[in-house]
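A quick write-up on the structure given underneath.
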Amino acid sequence: MSDLGGHKSLYSEAFYDEETFWRHYGGADYPALKERYDPGHRLPDLYAKAVRGA
């Protein structure tokens with residue numbers, strides 16, 4: 001999929017390394033959004049939920 005410019009949707013398991021995951025799923029914008037909506041860091045980040053199964 002990546003060779004064709006696409007990426008997997010996150011409705012099922014994902015097997016990306018962390019660098020690739022954030023490149024596909026808003027890694028540049030995610031920290032600011034996470035801080036705004038979860039300032040106490042009570043919830044796992046998107047990578048932890050989608051790839052690690054946290």
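Some points to look at:
- Highest to lowest packing among 43-51, 27-35, 15-23, scored as the average C-beta count within 10 Å: 43-51, 15-23, 27-35
- Both radii come from the Cα set of the chain: Rg as radius of gyration, Rh as Kirkwood radius; their ratio Rg/Rh reads 0.99.
Computed from the coordinates by the stated procedures, all read-outs in this text should not be read as laboratory data. Source: prediction; values computed, not measured. Counting neighbours? That spans all protein chains shown, and the Cβs are built from the backbone with ideal geometry, glycine included.
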